[in-house]
Amino acid sequence: MSAAVRAAAVLLLCVMLAACAASEPSRFYTLTPQPPDRAEPAAGAPTRQAPLNVALSPVQVPRYLDRPQLVTRTHANTLELAEFDKWSEPLSDMIGRVLAEDLSRRLAGARVFLLPVRQAVPIERIVDIQVMRFDADATGLVTLHARWQAFSKGGRTLIAAEE
């Protein structure tokens, strides 16, 4: 190998290493529960004798969202992944955790669990949530489209649904 080829290879290696060292640091994002509304009853206010036990099924998200990177919709049928903008935990887990916190606060006297429940509790309501779309467009406008269903009697009777 000639000296010129070795020098070129070393120079190329140095340039590649410098490019790797100068990469942008990752930014991590999380979802948070809504702040309490002053008009909402306090979470501890009893509404009945025994607390209502509500369980949230694991939240379903589309495969295009089942990744660490944030997704931006650049056109109607084109998505872009943000290389350095990432969720701090799996999106389906984060949505479930935040919804459980919100429901606990909004359903006064209820106990909200994430399925699978690791303790023996009688579950009176089960809520299924399916996210259909959750992304931002190029202007930063975020679209969330989700479906939910609430069941009683151990998930055997549909009592409410909305899309």
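The values are calculated or read from the model by the stated rules, or taken from the named source; none is laboratory data. Model, not experiment: these values are computed from the prediction. When we count neighbours, we look across all protein chains shown, and the Cβ atoms used for this are built from the backbone with ideal geometry, even at glycine. With ligands, DNA and RNA removed, areas are computed over all heavy atoms of the protein, side chains included. Shrake-Rupley method; radii C 1.70, N 1.55, O 1.52, S 1.80 Å.
Taking interchain pairs and intrachain pairs at least six residues apart, which have beta carbon atoms under 9 angstrom, with the first residue in the range 24-45 and closer than 14 Å to V98 by Cβ and the second exposed (fewer than 10 other Cβ atoms within 10 Å of the Cβ) and at pLDDT 95 or above?
none
Working only within the range 45-74, note down all residues that are modelled with pLDDT under 90 and open to solvent by 70 Å² or more (accessible area, probe 1.4 Å).
P46, T47, R48, Q49, listed by residue number.
How many residues, within the range 24-38, are among the hydrophobic types (A, V, I, L, M, F, W, C) and open to solvent by 90 Å² or more (accessible area, probe 1.4 Å)?
Count: 1.
Checking K86 against (1) open to solvent by less than 60 Å² (accessible area, probe 1.4 Å); (2) under 21 Å from E163 (Cβ atoms), only one condition comes out false. Which one?
(2)
Which pairs turn up if I take residues in the range 116-143 that are farther than 19 Å from V61 by Cβ and among the charged types (D, E, K, R) and look for partners that are assigned to a loop (DSSP other than H, G, I, E, B) and open to solvent by less than 50 Å² (accessible area, probe 1.4 Å) with beta carbon separation below 7 Å, at least 6 apart in sequence or on another chain?
Hits for this filter: E124/L52; R125/L52.
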